[in-house]
1. Could you grab the pairs with beta carbons closer than 9 Å, sequence gap of 6+ or different chains, first residue in segment 51-72 and farther than 15 Å from A92 by Cα, second one of a type in the set (S, T, N, Q) and in a strand (DSSP E or B)?
2. Could you tell me how many of the residues in segment 73-116 are over 16 Å from Q16 (Cα atoms) and in contact (Cβ under 8 Å) with a residue 40 or more places away in the chain?
3. Could you tell me which residue of segment 9-29 is farthest from G112 (Cα to Cα), considering only residues that are out of contact with any Leu (no Cβ under 6 Å at 6 or more places or on another chain) and of a type in the set (A, V, I, L, M)?
4. Quick check on segment 1-20: of everything there that is surrounded by 11 or more Cβ atoms within 10 Å (Cβ to Cβ) and part of a helix (DSSP H, G or I), which residue is modelled with the lowest pLDDT?
5. Do we find a residue being in contact with a helix residue (DSSP H, G or I) (Cβ under 7 Å, 6 or more places away or on another chain), of a type in the set (A, V, I, L, M) and assigned to a helix (DSSP H, G or I) anywhere in segment 83-95?
6. Which one of the conditions (1) in contact with a strand residue (DSSP E or B) (Cβ under 8 Å, 6 or more places away or on another chain); (2) within 19 Å of Q16 (Cα to Cα); (3) in a loop (DSSP other than H, G, I, E, B) does V65 fail to meet, given that it meets all the rest?
7. When you scan segment 22-39, do you find a residue that is assigned to a helix (DSSP H, G or I), touching a residue at least 12 places away in the same chain (Cβ under 8 Å) and crowded, with 16+ Cβ neighbours inside 10 Å, even just one?
8. Could you pull out the residue among R100, R73 that is part of a loop (DSSP other than H, G, I, E, B) and either of a type in the set (D, E, K, R) or within 18 Å of L25 (Cβ to Cβ) (or both)?
Amino acid sequence: MESIMPGVVISEKQFQDKVIALAILYGWRVTHFRASQIGGKWMTALQGHAGFPDLCMAHPNKGLVFAELKTERGTLDAAQINWLRTLDAAGAECYVWRPRDMQFITDLLLNGRRSA
């Protein structure tokens, strides 16, 4: 669990829920693929390459954003890095967000695309 504000502890799931709620509030369409526990191991059902970002968010006027969410100390694995690099090379707006980034996240979801 991590702190979103000094003295306030938040889990990655709680952080994700906050980002999704904020995106929906500002009119974004959001998708997240949930992991489930199979045989004691957490897995996400998918066909294709593993490591796709946690959130894909689209807004007709504000753009398309891919975001990988991490706790303050969370690290990216190789598959996540590969997806983010591929999306970035293809011109997508993609981020790794942590609880400390909430002001930036709020501004981006409210106003849209990053400045060039």
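1. Hits for this filter: E72/S3.
2. Total satisfying the criteria: 4.
3. Selected residue: V9.
4. The qualifying residue modelled with the lowest pLDDT is E12.
5. no
6. Of everything listed in (1) in contact with a strand residue (DSSP E or B) (Cβ under 8 Å, 6 or more places away or on another chain); (2) within 19 Å of Q16 (Cα to Cα); (3) in a loop (DSSP other than H, G, I, E, B), V65 misses just condition (3).
7. Among the residues of segment 22-39, at least one is assigned to a helix (DSSP H, G or I), touching a residue at least 12 places away in the same chain (Cβ under 8 Å) and crowded, with 16+ Cβ neighbours inside 10 Å, which makes the answer yes.
8. It is R73.
The values are calculated or read from the model by the stated rules, or taken from the named source; none is laboratory data. It should be emphasised that the depicted structure is a prediction, and the values quoted were computed from it without experimental measurement. Because the Cβ atoms are built from the backbone with ideal geometry, glycine has one as well, and the counts that use them run over all protein chains shown.
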